[in-house]
Every structure is written in C-alpha cells, then in structure tokens.
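See below for the structure under consideration.
The values are calculated or read from the model by the stated rules, or taken from the named source; none is laboratory data. Here the structure is a predicted model, which means the values were calculated and not measured. Cβ coordinates were reconstructed from backbone atoms using ideal geometry, including for glycine residues, and neighbour counts include every protein chain displayed. Note: accessible area is taken over every heavy atom of the protein model, side chains too, but ligands, DNA and RNA are not part of it. Shrake-Rupley method; radii C 1.70, N 1.55, O 1.52, S 1.80 Å.
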Amino acid sequence: MATLIRSKLSNKLSNAATTVSNKSQAKVSGMFARMGFQATTDEEGLGFAACDDLDYDHRQGMQMDILTTDEVAGEGSGDGGGLDGDSHYQRDGTGPARSASKDGDPANELNEEKPKITTWEAGWNVTNAIQGMFVLGLPYAILHGGYLGLFLIIFAAVVCCYTGKILIACLYEEDEDGRLVRVRESYVDIANACCAPRFPTLGGHIVNVAQIIELVMTCILYVVVSGNLMYNSFPTMPISQKSWAILATVALLPCAFLKSLKAVSKFSLLCTMAHFVINVLVIAYCLSRARDWAWDKVKFYIDVKKFPISIGIIVFSYTSQIFLPSMEGSMSKPSDFHCMMNWTHIAACILKGLFALVAYLTWADATKEVITDNLPSTIRAVVNIFLVAKALLSYPLPFFAAVEVLEKSFFQDGGRATFPDCYGGDGRIKPWGLALRCTLVVFTLLMAVFVPHFALLMGLTGSLTGAGLCFLLPSLFHLRLLWRKLLWHQVFFDVAIFVIGGICSISGFIHSMEGLIEAFKYNIEE
C-alpha cells in the first residue's frame, strides 16, 4: 500500500514538473515569436487584392496558428491544462485571424480562414500590375533606344521574373527535417532579417521609404497623364494642361475621405478590360498603316542623354515585386508561383514588345510621350477619355496604400508612434488624419503642375525605386540570406543583376533629375 501511494505521488510530481517545464518553454517560444516573427498587416496587399476582397485582405493581415498547451502537454503526458503555446506562420493559411478593423468591435474579430486565390487569379493580378496604362510610354522609350530598347524590354522581363522568384525564396528557411517553412511574410520582413541583429528595423524603413516614393509618384503620374490626355483631346478649348490637371485633382479630393476601397475596387476589372480594348484599338490602327511603317527609323544607336530615361520607363513598367510576398502567401497553391511568374512575364514581354514596336514604326520620330496623343483627332478624344477615367479610378489604390504606410509609420506604431492615432474609438478620421490625406492630394497636384512630363517622371521613378525594389534589393537579400546554399551560377547572376541594376539606376536617376530640374525652372519662369 505504501509503495502504491509513493508511486502515485511520484507520478503527480513528475506530471507537475513536466507541465511547468512545458509552460516555460511555450512562453519563451511565444515571446520570441512576438519579437521576431510577429505578423504585420502589410500595405503590400493593396497591390494584388482582387476587386471586393481588396480591402478585406488588407485589413485582415496575415493569419497565425496558435499551438495550445493541450497539444504540447498531450504529446508528453496526456495531461495538463491550458498553457500558452508557440506561434507559427502557416503556409496554408490555417488558424484564426488576428486582426480587427478600425471600424469594428474587437470582440467581433473574424475567425474564418483568409480567402485564398487561385493560380489564375494570381496571374491576373500580376498581369494587371505589369500591363497597366504605363505601357503607353514604351514607344517613347523605343524612340530613344531603337533595337536596344526592344532588347531591354526582354531583358527587364527576364530579370524581374528571376528577382521575383528569389525574393519569394527569401521568405523560407529549412527546418530540422529539411522542409521549407515560411518564416517571413513581407518585403519588409525580408529587409529586416538582412539587417539583423545590429539594425533590426533599418531594412524595413528603407523598403517603406522606397514604397512610399513609388506610390506617391504613381499618384502624380495619374494626375499628369490625365491632364496630358485631356489637353491633347481638346486642343481648341482655352484650357491649359495645368488647368486640366487641377480639374482632375478636384475630382480626386473625395479620396481624402476614403476609409475603404470596396466602392472603388469594384471598377478595377472594368477599367482593366477597357484598357485592354484600348491597347487592341491602338495596335489595330497601327496595323492598318503597316504599309507606311518606317523600318529604317529603328536604329542600333542610342540617344546617350535620353536613353537612361528610357531604361527607367521600361523598368517601371515591370514593377510588381513589392506585393509578391503577400500574393504568394495568399495563393491556394504556392508551389505554382514560379510557373505563374514565367507565363505572366513571357506574355508581358511579347505584348509590350509588339505594342512598342508597331506604335513606333507607325509614327517614328513623331512618337509622343503618351502614344495615344498620336492618334487621329477623330478617335483620340474617345480613347483618351476612357484612359482618363481609368487613371482617375486607379488613383485611389496607390493613394490609399501610401496613406496606410504613413499612418502606420507615424501614427499607429504603438508606443513608438510620433503622432496620435488618426482614428477615434468610433473609427472616424480625426482632423489631423484628414489633413494628412488632403496634403498628399495637394502635393500630387503641385508636382503634376510644376513637372508635367510623363516620361521624365516615369523614368525617374523607375530608376530610383523601380530598379531598387526589382533589381538591387532582391539580389542583395538573396545573397545575404541564402548565400551558403547558392550555386556558383546563382551567385554570379545575383552579383551581375546588382551591378547592372546599380548602373542603370544611377544613370537614369541623374539624367531624369537633370530633365526635371530644367522643366521645373521653365515652369517657374513661365
């Protein structure tokens, strides 16, 4: 009897010790998970979210699976209470959502699984990003680059496809069993991992700054192209391009009051289809004049002063890396990501090359910055009005994303926020939040008024942020995080892309800035 009592006491003491040990380990693991691997609601989701799910995906953020103590203790002793568990990212997206909307009650947080997108939907989103209305500037790049410009369209497609793949590779690490596990969720996470442990947040700040610049410049380009298209559509009207840009900005002022993109995003599919039809119409018109094509105008020499700007234009037309990590995490079959990147970039390369070539052959040296301005006046107005509508409806997407980054960085960063939250307890925007949004709209207007040059702005953005986010940073991060597992040819490709991207970025930035400064001085004097 005494032996039996001693045996039971020993078992209980052993179980208690095991429970305490498991609880301590779980708390430590949970602490490290919160410090190093906490999911963030990243603004990159705005780049790929489809129609009605765009704002939902962005607000939901990434999902995590919480391993409860029942699972921890159950494996060991089959006994034990509710202990704190370890937090892990799940590649398949299982687990409860851990975010609440500003507008909603925290008690009503959604616990359903995050919606997944198919491979075709992911491909459609990438196509929208790299086949947007900025392809209208590609014939102008051929004007200053000739056959080398066509080669760069192909080269940029190959490089951007490759850097997109290696960027996704940086999201994963091998576990003890040699299986790939996703340990990072965004471009910012990758950048922070590369700068750790000395500067654990420096990389994220650099990526955020680059992203804000690209988003704001995209907004400026939409205003510039709207003013340009309207001015060239109605040249007889006594309204200047600057005045048209101001009118376009007045129409965009309601963006300052946006709290959700659902109302706007419903038009995204319609706008994309309209733009596709417009591209087909431009190519059809060019083909109708195939007998007059000026093949002798396509040269192998380049305009040394303006060709670097063309490089920026071409690179900017392929920018999609900033939202690829979020998109790959939302795919129902992430294993299809590489295949999807291949066929989307091959299709983009073919379509862009054909569009740029046939448009330049049609108008040769008369090719303008926005190719639709070369169309006959009978159809130019109709085509340009559709493009202006697309530009104005596309403006809220980068604008809202830029606002989200700024609010998160300066107003919602917990105890480290520089300014108080832009939203009240009821979800309403406070006066300083509204002032931030109005300031951003006015800033895009001022830039569009003083530098109304579509090609220069597009070249500057492509050289500064496009080359950095698509060429430099992915190759650098790949070398930094995975250099021990890379083959010699992968190291060679990464180094070559980094060097070429750096040269293109510096040269394009210098020449674009020179052109912008001259244009700014001219507009000030005028």
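Structure above, values below:
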quantity	calculated
Within segment 463-474, considering residues that are over 14 Å from F316 (Cβ atoms) and touching a residue at least 60 places away in the same chain (Cβ under 8 Å), the one surrounded by the most Cβ atoms within 10 Å (Cβ to Cβ)	P474
Any hit, segment 509-520, residues being closer than 25 Å to G204 by Cβ, in a helix (DSSP H, G or I) and open to solvent by less than 30 Å² (accessible area, probe 1.4 Å)	no
Subset of segment 170-181 that is farther than 22 Å from D494 by Cα and not β-branched (V, I, T) - its residue that is most open to solvent (accessible area, probe 1.4 Å)	E176
Filtered residues of segment 475-508 (kept if among the charged types (D, E, K, R) and open to solvent by 100 Å² or more (accessible area, probe 1.4 Å))	R480, R484, K485
Segment 284-305 - residue that is more than 37 Å from the chain's Cα centre (by Cα) and charged (D, E, K, R) and, of those, farthest from M513 (Cα to Cα)	R291
Condition broken by M327, with the remaining ones in (1) at pLDDT below 85; (2) buried (at least 24 other Cβ atoms within 10 Å of the Cβ); (3) in contact with a Phe, Trp or Tyr (Cβ under 7 Å, 6 or more places away or on another chain) satisfied	(1)
Selection count where residues are among the basic types (K, R) and in a loop (DSSP other than H, G, I, E, B), scope segment 346-388	1
Some residue of segment 223-239 being of a type outside the set (D, E, K, R) and under 14 Å from the mean Cα position of the chain (by Cα)	no
Filter result for Y318 (at pLDDT 90 or above and outside any helix (DSSP H, G or I))	yes
Per-region count, segment 405-433, residues in a helix (DSSP H, G or I) and either closer than 24 Å to E214 by Cβ or at pLDDT below 65 (or both)	10
Residue within segment 195-204 that is open to solvent by less than 10 Å² (accessible area, probe 1.4 Å), of a type outside the set (G, A, S) and within 24 Å of the chain's Cα centre (by Cα) present	no
Where a residue in segment 487-513 is closer than 17 Å to V159 by Cα and among the basic types (K, R) and its partner, wherever it lies, is modelled with pLDDT of 90 or more and open to solvent by 20 Å² or more (accessible area, probe 1.4 Å), with Cβ under 8 Å and at least six apart	none
Close pairs from segment 138-164: first in contact (Cβ under 8 Å) with a residue 12 or more places away in the chain, partner open to solvent by 20 Å² or more (accessible area, probe 1.4 Å) and of a type in the set (S, T, Y), Cβ under 7 Å, at least 6 apart	G146/Y301
Residue check, I313 open to solvent by 60 Å² or more (accessible area, probe 1.4 Å) and closer than 20 Å to G466 by Cα	no
Residue in segment 476-492 that is among the β-branched types (V, I, T) and modelled with pLDDT under 90 present	no
Members of segment 433-462 that are open to solvent by less than 10 Å² (accessible area, probe 1.4 Å) and either closer than 16 Å to V135 by Cα or without any contact (Cβ under 8 Å) to a residue 40 or more places away in the chain (or both)	G433, F454, A455, L457, M458, G459, T461, G462
